[in-house]
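Notes for the one structure printed next.
Taken together, the values in this text are just the output of simple stated rules run on the coordinates, not laboratory data. None of the values given here were measured: they were computed from a predicted structure. Positions of Cβ are backbone-derived with ideal geometry, glycine not excepted, and every protein chain shown enters the neighbour counts.
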Amino acid sequence: MSAAAILILAAGASSRMRGGDKIMEEVAGAPLLTVLTTRALAAGSEVFVALPSADHPRAAALSGLDVTIVPVPDAAEGMARSIACGVAALPVDTSGVMLLPADMPELSQADLTAILRAFAGGMARHVVRGAATDGTAGHPVVFPARCFDDLSALQGDQGARSILNAETDILTVALPAQHALTDLDTPEEWAAWRAKQ
């Protein structure tokens, strides 16, 4: 089996940004999607990025990066479609997949590496989930290959919550501060986050 892949979920509509695009907001001098993808690549795994289409404007943020774009033509049906399309694009011998939401600017290369190491250290058997320092579960989450069929069967916009709720073998990894919980969906959340930086 090959190592776990990373699937960046970047096909959503950013509907709460009132015309803006949250994953194209500037972070550290570049669009968030560029920054997060670069961190994912630096963690050493093969990276797949779910986009509404291969020629979507967000694809410009991936120019020159060694990633596989996964088109999700029915992305409007919800996050489940991005997950299903992403799982279908993985090499057949992939041991697991990290689901990485594209709107989490605090997740670092070190965070992603820590999650992947925990997954590999558990012989790719456990679901591994990032958590805040107080233990509150968050993202990213790595699912072993045994979960791929369930991931492919998901529907709607709840992500993989139903699988996590049914799963009894979850290893949580504490990440610094609120890295595992900080997702920014609205202009107000972006403004508040920037004010704290």
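Just a few scattered comments:
- Using Cβ point charges alone (K and R +1, D and E -1), the dipole size of the stretch 14-131 about the Cα centre works out to roughly 300 debye.
- Selection from Ala195, Ala61, Pro31 lying farthest towards where the dipole of the stretch 5-196 points positive, charges on Cβ: Ala195
- A viscosity of 0.890 mPa s and a temperature of 25 °C, combined with the Kirkwood radius over C-alpha pairs in the Stokes-Einstein formula, give the stretch 86-196 a diffusion coefficient of 166 µm²/s.
- For the stretch 5-196, the gyration tensor built on C-alpha atoms gives a rounded shape. Its axis ratio a/c (a ≥ b ≥ c) stays under 1.5.
- A protection proxy built from the mean count of other Cβ atoms within 10 Å ranks the segments 177-184, 190-197, 11-18, most packed first, as 177-184, 11-18, 190-197.
- Local net charge near Pro187, Cβ-Cβ under 15 Å (Lys/Arg +1, Asp/Glu -1): -4
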